[in-house]
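Just so you know, all these numbers are worked out from the coordinates, no wet-lab data involved. None of these values were measured; they are calculated from a predicted model. When we count neighbours, we look across all protein chains shown, and the Cβ atoms used for this are built from the backbone with ideal geometry, even at glycine.
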Amino acid sequence: MTRTQIAIVGGGPSGLLLGQLLTRAGIDNVIIERRSPDYVLQRIRAGVLEQGTVGMLEQAGVAERLYREGLVHSGFALAFAGREHRIDLAGLTGGQHVTVYGQTEVTRDLMEARAAIGARTIYEAEDVHLEGFDTATPRVHWTKDGVATVLDCDFIAGCDGFHGICRASIPTEAISLFERIYPFGWLGVLADVKPATDELIYANHADGFAMCSMRSPTRSRYYVQVSLQERVEDWSDDRFFDTLRHRLPAHVADCVVAGASIEKSIAPLRSFVAEPMRFGRLFLAGDAAHIVPPTGAKGLNLAVGDVHYLFEALREFYLEHSAAGIDAYSTKALARVWKAERFSWWMTSMLHRFPTDSAFDQRIQLAELDYVAGSIAASTSVAENYVGLPY
């Protein structure tokens with residue numbers, strides 16, 4: 001048996017960020033991750049960081065490479081009905097912006113920082129399960145290389161994702177789940193080709209949504225909306241790029257450079273929230289507590305928001321001897337979560353083609369986009385949500 005102050009279940013970016021912040025504050029913690037480091041780094045996910053997220057990474061001491069390699073974006077475009085409207089993020093929000101920097105790179109920076117300070121991480125932990133989180137003596141159990149370990153702790157941070165053990169350990173009568181499953185997915189391609197544009201483009205098209213993004217000046221990330229019945233193996237690179245160009249404005253399509261895909265996958269879209277986010281001495285954070293469709297670029301940013309609230313609560317508990325923060329954690333985090341859920345749902349509803357859409361529904365979508373394009377107030381609302389609501 002061993003002991004720590006905070007047991008963090010899950011070694012993705014939210015668990016790693018929380019661990020880094022706690023360690024720098026002098027609060028002992030152990031991360032337990034069921035996958036290998038290589039597997040964690042292979043996850044291709046988000047790449048648009050809010051300023052609040054960048055600030056949290058700076059606070060954790062891991063922003064040096066981000067500032068050197070990240071791409072600062074002061075706007076993005078909505079394309080619809082053969083036209084394009086730029087959301088001037090900086091102009092509408094008093095100079096705020098987003099930074100394009102891949103989640104894989106964030107994870108790598110956090111892993112290297114944790115290794116450099118010698119904090120404990122257990123990778124490839126099997127049979128992880130929780131005990132006593134509704135008491136004053138919570139424990140985490142796991143097996144590695146055939147050896148069973150029990151970790152005593154003060155609190156457990158559940159940062160182990162949507163399919164993790166932490167939320168699943170909570171009695172069903174103690175938790176409320178809210179979910180919307182969307183009848184389509186995003187087929188995404190990563191390719192080492194020059195991005196079509198300098199800023200992201202979200203495109204509404206009669207045949208389905210499309211998006212142009214990037215990870216660097218030489219690496220592009222593109223998406224097209226597909227049915228959930230589609231299979232990745234049925235989409236050649238040529239078919240993907242032909243579909244992408246078809247759904248983009250002509251002047252953008254002409255700038256799309258096709259290339260061999262480094263990664264290609266279909267991600268189903270869902271909105272999901274679990275309430276509350278605290279159960280005794282167990283706290284849920286990130287995808288363990290909520291999922292948003294990627295349309296609003298909120299997934300990783302929302303997880304970092306949870307980490308902000310949870311770290312401040314634990315810091316206050318240990319350094320100021322106050323439980324006020326941990327008692328307020330769920331309420332504070334969920335207030336921000338539901339606003340991000342609303343924005344992501346709204347963007348998804350406005351930009352995608354739904355199988356049940358009537359001609360009326362399609363005209364309403366275009367009217368909504370036209371209103372955003374013609375209203376400073378509406379564009380400002382989009383910009384404020386996109387750069388990230390304050391903590």
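Computed values, structure above
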| read-out | value |
| --- | --- |
| Alpha carbon convex hull of region 76-120, projected area averaged over orientations, nm² | 5.4 nm² |
| From the coordinates shown, log10 I(q)/I(0) by the Debye sum over Cα atoms at q = 0.07, 0.15 Å⁻¹ corresponds to which of (1) -0.28, -1.53; (2) -0.41, -1.34; (3) -0.33, -1.37 | (3) |
| Which of F279, H205, S176, positive extreme of dipole for region 150-308 (C-beta unit charges) | H205 |
| Crossing angle, helix 359-374 versus the chain [Cα axis fit, 0-90 degrees, rounded to tens] | 80 degrees |
| Folded to 0 to 90 degrees: helix 299-319 orientation relative to the chain principal axis, Cα | 30 degrees |
| Projected area averaged over orientations for region 1-128, convex hull of C-alpha atoms, nm² | 10.4 nm² |
| Dimensions in Å of region 204-257 - Rg and Dmax from alpha carbons | 11.4, 33 |
| Segments 280-286, 375-381 sorted - mean Cβ within 10 Å per residue, highest first | 280-286, 375-381 |
| Most to least packed among 357-368, 322-333 [average Cβ atoms within 10 Å] | 322-333, 357-368 |
| Potential extension, L41-E131 segment - 0.36 nm per residue separation minus Cα distance | 29.5 nm |
| Percent of Cα-Cα distances greater than 18 Å, calculated over region 103-169 | 50 percent |
| Relative packing of 235-244, 73-82, which averages over residues the other C-beta atoms within 10 Å, highest first | 73-82, 235-244 |
| Compactness of region 167-251 - radius of gyration and Dmax, Cα, Å | 17.0, 54 |
